[in-house]
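Accompanying notes for the structure given below.
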Amino acid sequence: MVLPTDVPQGSTNTVYTTLRRRFADGEYAPVQRLTEAAIAADLGVSRTPVREALRRLQAEGLVAPAARGVVVAPLGAVEASHLFVLRADLEALAAELAATRQQQGLLAPAEVDALDEAVAAVELGVRAKDPRAAARANLALHRAIGVAAGNPFLEDALHRVWDRIAVSTLSNLADEEWAGLITDQHRAIVAGIRAGDPAAARVAAKTHIEAAAHAYLPTH
C-alpha cells in the first residue's frame, strides 16, 4: 500500500502514516505499550489525531487495547502461520510478475540494478550485526520487488502483510544463522527477475518466504 505523504501536518493521516512507517521499520516490539500522551508529545500534536490514528491501527490488527492505551499486537502461532502462507504466495506472485515485466522489456535497467543494490544493503546490515539496518533494507528490497511487479492491488496486499509481520523481522535478523542464509536467497530471487525467468523468480521467492516462516514460527 502506498502511504500518503502530502497530508497536512498534525492531521490524523499524518500521525497514522508516521506510525505505520514505524511499524514497517520494526521500531516497535511485540506487546510494547503505546499511549496517546507519549505519541502526541513525540510528534508534537494534540491527542485527538493520535487517538484516531490508533483506532485505525487497531482496526487493521496492528495494535490491541490494553489497560492503559494500546499495545503492539503480538502474533500468535496460528496467526503467524496463516500470514506466512499468504505471504509466500503473494511474494512468489510479485517476483513472477516482476520477471515477466523484465522479459517484456518493461523494467528499466535502473530498476533491476536497484534490486541488486537493495540485496547488498541487507548483506551490509547483516555483516555489521545491525539487525535494525538489515530489517529496514530487507523491507526495502521486498517493497522494490512489489513495485516492480506493477500490480497496485498486489502491492497493497503485500504492505498489509509486511506491516503485520514487521515486529518479527528484527528478531529474525538478529539470528546469525538465519541472517547468513538470506543473501543467497535474495540473490536467487533477483537473478530470476534479471533473467526474465518468471518460473525461477517465483520458486526462489516462495522458497525464501517458506524458509523465513521456519525461522520465525519455532519462536512462537
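Laboratory data are not the source of any read-out in this text; all were calculated from the coordinates shown. Just so it is clear, the structure is predicted and the values come from calculations on it, not from any experiment. Reconstructed Cβ throughout: ideal geometry from the backbone, glycine too, with neighbour counts over all protein chains shown.
Tabulated values for the structure
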{"quantity": "Protection proxy ranking of 184-192, 104-112 - average other beta-carbon atoms within 10 Å, highest first", "calculated": "184-192, 104-112"}
{"quantity": "Cα-based shape type of region 59-131, given that a ≥ b ≥ c are square roots of the gyration tensor eigenvalues and the cut on a/c is 1.5", "calculated": "prolate"}
{"quantity": "Two-site FRET efficiency, Gln58 against Asp89, from Cβ-Cβ distance with R₀ of 45 Å, rounded to 0.05", "calculated": "0.95"}
{"quantity": "Among 81-92, 193-204, the order from most to least packed when residues are scored by Cβ within 10 Å on average", "calculated": "193-204, 81-92"}
{"quantity": "Angle between the chain longest axis and helix 47-59 axis [Cα atoms, degrees, rounded to 10]", "calculated": "50 degrees"}
{"quantity": "Nearest 10 degrees, 0 to 90: helix 12-24 Cα axis against the chain principal axis", "calculated": "50 degrees"}
{"quantity": "Value at 222 nm in deg cm²/dmol, rounded to 500, when DSSP H runs of n ≥ 4 in the chain each add -39,500 (n - 2.57)", "calculated": "-24000 deg cm²/dmol"}
{"quantity": "Electrostatic dipole magnitude of region 12-72 [Cβ: Lys, Arg +1; Asp, Glu -1; Cα centre; debye, to 20]", "calculated": "120 debye"}
{"quantity": "Virtual paramagnetic centre 7 Å along Cα→Cβ of Asp113, amide N under 19 Å, in region 123-153", "calculated": "141, 144-145, 148"}
{"quantity": "Angle in degrees between helix 109-127 and the longest Cα principal axis of the chain, rounded to the nearest 10", "calculated": "70 degrees"}
{"quantity": "Structure-derived Rg/Rh (Cα atoms, Kirkwood Rh) - corresponding label in [x] 1.11; [y] 0.96; [z] 0.99", "calculated": "[z]"}
